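Each remark here refers to the structure printed beneath this line.
The values are calculated or read from the model by the stated rules, or taken from the named source; none is laboratory data. Here the structure is a predicted model, which is why all the values come from computation and not from measurement. Backbone-built Cβ (ideal geometry, glycine too); neighbour counts: all protein chains shown. Note: accessible area is taken over every heavy atom of the protein model, side chains too, but ligands, DNA and RNA are not part of it. Shrake-Rupley method; radii C 1.70, N 1.55, O 1.52, S 1.80 Å.
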Amino acid sequence: MSIKLDGKKLSLEIEQKLNNFISSNERIAKRAPGLAVIRIGEDPASGVYVNNKEKACARVGIKSFIFHLQDNVEQKEVEQLINKLNLDKDIDGMLLQLPIPKKFDEQRLISFINPYKDVDGLNEKNMGKLVKNEPAMRSCTPAGIINLLRSQNIAIEGKKIVVIGRSLLVGKPLSLMLLNLNGTVTITHSKTLNLNKICKEADILIAAAGIPNLVDSSFVKDGAVIIDVGIHRLKSSDKDKTRLCGDVLLEDVIPKVFAYTPVPGGVGPMTVTMLLVNTIFSWQKQFGLSSTINDLLP
Ligand code: ADP
């Protein structure tokens, strides 16, 4: 029987720990941790994600500040808001909910975020430190995946790991984190030839291509660990209904693998939890409450 890497369960465990950490330290800090979320425009999926983040903050005791801007706002105005939040003493973390409308220079906006408040870990300063394997804020989805693997004592060192996707949000930072943990990492992408052959060599296969059901059992070695980062809403046969699926055709793959992440309930909840961890880490650092991020994790 293969092991389900239950991100929902692990994220609840971590949240409990975060909640305790905040309540036992709030007296010293004299205020709750604060997270600012900037959303631009009306992308409906972003609305759902921002809502989820707001609810998760409330569960653990982080104060969230949501800035929902119309898409007719100017680049300069968003930059000014970011600068204001950089200086705001009640804000420990800040993120720009992606995607934003095309007319904005997304990377320029991210570069305005104070690296110490960059809880998505996407600012070039934090990315640069990741490349150098120095401590810094790490992006949430990759950090969530690493913690999910750790929770089941799945070794990374010496393992052959194939990552499908090279995005700035997932594929690239995740590959670097796994490399820093001594994995032997292959990064594949849309121009990779013989993708399934390469994937079949992996001890750990991570699918982050954004393509529904791309990975079937022909991609997977017996006994591999498979991590599915994709999340897609597909029409089901009953035409009024939709269902969620990932980049992996799970029912085909599960019988072959040692462990897998479900969709939903695998990587997704861990992403949100790591955002909370990063925010609290930034908060506690100002008050010298704890020394490493591991103190916040099980
Ligand atoms: P994410 O939300 O995971 O960051 P993106 O949609 O931003 O996803 O990026 C998708 C990534 O997946 C890109 O790096 C792209 O090269 C890769 N990709 C897209 N299609 C394929 C494919 N057929 N095979 C392998 N990689 C792919």
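Toward the positive end of the charge dipole of the range 198-251, about the Cα centre and with charges on Cβ (Lys, Arg +1; Asp, Glu -1), which of 206, 234, 249 goes farthest?
234
Taking only pairs that are 8 or more places apart or on different chains, how many Lys pairs in the range 140-267 have Cα atoms under 14 angstrom apart?
Going through the range 140-267 pair by pair, I get 9.
With each pseudo-label sitting 7 Å past Cα toward Cβ, what's the residue 4-residue 72 distance in nm, one decimal?
4.8
For the range 22-75, run through the GluC sites (Glu not before Pro) and keep only the ones in DSSP coil with at most 13 other Cβ atoms within 10 Å of their Cβ.
42, 74
Among DSSP beta bridges lying fully in the range 144-275, give the percent that are antiparallel, nearest 5. Working shown, then result.
Numbers: 4 of 20 bridges.
For the range 144-275, the DSSP antiparallel bridge percentage is about 20.
Among 236-242, 121-127, how do they line up from the highest to the lowest mean number of other beta-carbon atoms within 10 Å?
Values: 236-242: 8.4, 121-127: 20.3.
Sorting 236-242, 121-127 by mean packing, highest first, produces 121-127, 236-242.
Using a 1.4 Å probe and ignoring any ligands, DNA or RNA, find the accessible area of residue 192 and quote it in Å² to the nearest 10.
The value for residue 192 is about 40 Å².
Restricting everything to alpha-carbon atoms, can you work out Rg to Rh for the chain with a Kirkwood hydrodynamic radius? Write out the running numbers ahead of the final one.
On the way: Rg = 19.2 Å, Rh = 19.9 Å.
With Rh from the inverse mean 1/r over Cα pairs, Rg/Rh is 0.97.
Taking 0.36 nm per residue of sequence separation and subtracting the Cα-Cα distance, how much length would be gained by fully extending the chain between residue 134 and residue 89, in nm to one decimal?
Details: separation 45, 0.36 × 45 = 16.20 nm, distance 2.60 nm.
Length gained, residue 134 through residue 89: 13.6 nm.
Which is farthest toward the positive dipole end of the chain among 189, 165, 119, measuring Cα position about the Cα centre, with Cβ charges +1 (Lys, Arg) and -1 (Asp, Glu)?
So the residue furthest toward the plus end is 119.
Hey, can you list the DSSP H helices of the chain whose Cα span along the axis is 24 Å or longer and whose average Kyte-Doolittle score is at least 0.5? Each step should come with its number before you reach the end.
Details: long enough: 7-29 (32 Å, -0.61); 44-60 (25 Å, -0.38); 267-287 (31 Å, 0.66).
Qualifying helices, which must be both long enough and hydrophobic enough, are 267-287.
I need the shape label for the range 1-51. Rule: rounded when a/c is under 1.5, else prolate if a/b > b/c, else oblate, with a, b, c from the alpha carbon gyration tensor.
On the way: a/c = 5.13, a/b = 1.06, b/c = 4.85.
Since a/c reaches 1.5 but b/c is at least a/b, the shape of the range 1-51 is classed as oblate.
Note down the nm distance, to one decimal, between modelled labels 7 Å out along Cα→Cβ at residue 20 and at residue 48.
Once both label points are built, they end up 3.3 nm from each other.
Just from its helices, what would the mean residue ellipticity at 222 nm be for the chain, if runs of 4 or more DSSP H residues each count -39500 (n - 2.57) and the sum is divided by every residue, rounded to the nearest 500 deg cm²/dmol? Before the final figure, lay out the partial values.
On the way: 10 runs with 120 residues, N = 298.
Computed mean residue ellipticity for the chain: -12500 deg cm²/dmol.
Suppose the chain between residue 58 and residue 295 were pulled fully straight at 0.36 nm per residue; how much longer would it get relative to their current alpha carbon spacing? Present the calculation step by step, with values, prior to reporting the outcome.
On the way: separation 237, 0.36 × 237 = 85.32 nm, distance 2.09 nm.
Between residue 58 and residue 295, full extension yields an extra 83.2 nm.
Hey, which lysines would be in cross-link range of residue 8, C-alpha to C-alpha under 19 Å, not counting anything within fewer than 8 residues on its own chain?
Leaving aside lysines fewer than 8 places away in the same chain, those within reach of residue 8 are 17, 53, 55.
Of the beta bridges DSSP finds with both residues in the chain, what % are antiparallel, to the nearest 5?
Values: 4 of 34 bridges.
In the chain, approximately 10 percent of DSSP beta bridges are antiparallel ones.
So who's got an amide H within less than 5 Å of the one on residue 68, skipping anything under 5 residues away but keeping other chains? H placed 1.01 Å off N, in plane.
39
Cα centroids of the range 204-223 and the range 65-139: how far apart, whole angstrom?
If you average the Cα positions of each part, the centres end up 32 Å apart.
Reachable lysines from residue 103, Cα under 17 Å, same-chain residues fewer than 8 places away excluded?
Cross-link targets: 76.
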